[in-house]
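Worksheet for the structure shown next.
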Amino acid sequence: MRVVLGVSGGIAAYKACSLLRLFTESGHDVTVVPTAAALEFVGAPTWAALSGKPVSADVWTSAHEVPHVRLGRSADLVVVAPATADLLAKAAHGLADDLLTNVLLTARCPVVLAPAMHTEMWEHPATRANVRTLRERGAHVLEPAEGRLTGADTGKGRLPEPDELYAACLAIRSTGAGASGGAGGTIDTAASGGADGRPLRGRTIVVSAGGTREPLDPVRYLGNRSSGKQGVALARVAAARGARVVLVAANVAVELPEDVEVVRVESTRQLQQAVEKAAAGADAVVMAAAPADFRPAQVSATKIKKSADEGAGLRLQLTANPDIVRGLVAARGSAARPVVVSFAAETGDDSGSVMEHARAKFARKGSDLQVVNEVGRDRVFGADDNTVHLMRRDRAEVRTVGPASKEAVAAAVLDVVQELLG
Ligand SMILES: Cc1cc2nc3c(=O)[nH]c(=O)nc-3n(C[C@H](O)[C@H](O)[C@H](O)COP(=O)(O)O)c2cc1C
């Protein structure tokens with residue numbers, strides 16, 4: 001997608017470098033448009049080198065290409081991070097005295113503004129009114145985070161971390177919300193379910209992530225290769241869409257988001273207990289974790305010793321683990337909630353193709369949506385991109401998403417969840 005990354009003159013301008021990286025490394029085409037004040041914090045050569053494109057703050061450079069109109073018109077997403085109090089005021093009033101403010105008037109794609117400033121500036125009635133105006137027009141003004149500000153002080157006004165901003169951008173873009181919601185555009189919030197583009201506000205979504213470990217003795221376990229990246233992306237995007245998210249994390253190898261409730265588990269039975277507890281009263285459960293189908297029948301209290309006989313092996317007996325998805329579907333009975341989403345990591349073999357195995361699994365599980373991914377040694381596990389096939393109980397056709405970032409896959413899955421929630 002073609003992204004315009006606007007950067008205005010706040011101390012958090014340096015964080016936009018990481019946001020830029022997240023976009024470019026996922027294959028997006030990014031043009032950085034800083035304000036003159038932003039260039040006091042991070043210089044044009046940094047933006048040019050990181051984006052691979054020329055950088056200008058004014059409307060006069062390359063005037064023959066009419067950049068003040070071209071950039072906004074051709075963008076699929078405009079994000080301003082950080083957005084200063086000054087930038088919000090200009091956008092709310094339709095001023096256009098530099099390239100970024102011109103882009104905000106010509107863009108007809110979703111516009112995301114990520115304010116960052118001292119708490120007093122954020123709470124000032126002038127800023128509150130500007131934010132209200134922008135949201136009423138369909139711009140997505142994100143809430144600043146709380147925490148350390150420019151000096152030694154703390155409070156609300158901090159720019160959210162780049163990965164959160166990135167997830168929020170993808171989530172907003174994927175809903176198609178605000179297709180004419182530029183700072184100067186009209187309101188189009190139907191697809192997003194709210195003027196702030198947070199269609200899951202008021203919903204509770206349980207997401208499981210990672211891979212379980214089944215203990216064998218105090219040292220060893222049987223595990224799987226799931227990194228938890230897809231589940232964490234789901235949690236991030238659901239939180240960015242306004243949901244209260246409970247993330248049940250089984251041995252996740254990646255950093256967990258701060259704005260979700262985390263329950264850490266180790267084994268499949270712990271995962272089951274935690275998910276069932278969180279599912280009570282939830283609107284949806286997305287089971288992205290990879291539980292183990294089997295566990296050792298006996299767990300040794302002491303480390304299993306190697307036999308004195310060098311060639312001797314070890315015979316393990318495994319016992320079946322509970323099927324968590326089937327349990328959730330059974331517990332729901334005839335109720336409509338929670339919507340249950342299962343994941344099926346499949347490989348093809350002599351007995352059938354990936355999709356044949358996946359269809360049989362979908363029939364067994366009874367979930368509302370099954371996300372199928374083909375796995376193999378260098379596929380899916382730990383990768384940043386994913387290709388999935390979405391099978392819905394209420395539709396015959398299967399939709400393929402990807403190859404796409406795990407955030408984009410998460411957004412596609414949550415789009416279906418939103419539809420199912422009505
Ligand atoms: C060290 C320093 C840090 C600043 N941080 C912020 C900030 O985080 N948010 C903000 O709204 N303004 C901040 N300002 C003030 C803006 O730079 C100033 O309002 C400027 O005119 C913004 O211009 P722009 O909106 O065109 O980028 C800061 C100024 C200085 C000197």
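Just so it is clear, none of the values below were taken in a lab; they were calculated from the coordinates. No experiment lies behind these values; they were computed from the predicted model shown. Heads up, the Cβs are rebuilt from the backbone with ideal geometry, glycines too, and the neighbour counts pull from every protein chain shown.
For segment 2-175, the alpha-carbon radius of gyration amounts to 0.94 times the rule-of-thumb value 2.2 N^0.38 Å expected for a compact globular protein.
Sorting 14, 166 from the fewest to the most surrounding beta carbons within 10 angstrom yields 14, 166. All other residues whose Cβ lies under 9 angstrom from that of residue 364 are scored, Lys and Arg at +1 and Asp and Glu at -1, for a net of +2. In segment 200-290, the DSSP beta bridges split such that about 10 percent are antiparallel, to the nearest 5. Scanning residues 5 or more positions from residue 247 or on other chains, those with amide H under 5 Å from its amide H are 207, 261, 262, 263, with H placed 1.01 Å from N in the peptide plane. Each other residue within a Cβ distance under 10 Å of residue 251 adds +1 if Lys or Arg and -1 if Asp or Glu, for a net charge of +1.
Judged by the mean number of other Cβ atoms found within 10 Å, the most tightly packed of the peptides 52-60, 203-211, 308-316, 287-295 leads the ranking 203-211, 287-295, 52-60, 308-316. Computed from point charges on the beta carbon alone (+1 for Lys and Arg, -1 for Asp and Glu), the dipole magnitude for the chain about its Cα centre is near 1020 Debye.
Radius of gyration (Cα atoms) of the chain, expressed as a multiple of 2.2 N^0.38 Å: 1.10.
Backbone amide hydrogens, once placed in the peptide plane, bring residue 290 within less than 5 Å of 210, 211, 212, excluding anything fewer than 5 places away on its chain. Annotation: the residues 356, 397, 25, sorted from fewest to most other C-beta atoms within 10 Å of their own C-beta, follow the order 397, 25, 356. Helical runs (DSSP H, four residues minimum) scored at -39500 (n - 2.57) apiece and divided by the length of the chain put the mean residue ellipticity at 222 nm at -9500 deg cm²/dmol.
Remark: spin-label model distance residue 353-residue 62 equals 4.5 nm, labels positioned 7 Å along the Cα→Cβ axis. From least to most packed, judged by other beta carbons within 10 angstrom and beginning with the fewest, 172, 304, 11 follow the order 304, 11, 172. Here residue 396 and residue 336 are evaluated by their C-beta separation; at R0 = 22 Å the FRET efficiency comes out at 0.55. Coupling constants for segment 299-304 follow from the phi torsions by the Karplus curve (6.51 cos²θ - 1.76 cosθ + 1.60, θ = phi - 60°), and in residue order they are 9, 6, 6, 10, 4, 5 Hz; glycine and proline get x.
Amide H to amide H distances under 5 Å link residue 345 with 373, where only residues 5 or more positions off or on other chains count and H is placed in the peptide plane.
Residue by residue, segment 84-99 carries 3J(HN,Hα) couplings of 6, 4, 5, 5, 4, 5, 5, 5, 5, 9, x, 5, 8, 9, 8, 5 Hz when phi is fed to the Karplus relation 6.51 cos²θ - 1.76 cosθ + 1.60 (θ = phi - 60°); x denotes Gly or Pro.
Our coupling estimate for segment 143-152, obtained by passing each phi through the Karplus curve with A = 6.51, B = -1.76, C = 1.60 and θ = phi - 60°, is 7, x, 8, 9, x, 5, 9, 4, x, 7 Hz, Gly and Pro reported as x. With respect to the chain, whose longest principal axis is taken over its alpha-carbon atoms, helix 125-136 is tilted by about 70°. By DSSP, the beta bridges lying fully in the chain are antiparallel in about 35 percent of cases.
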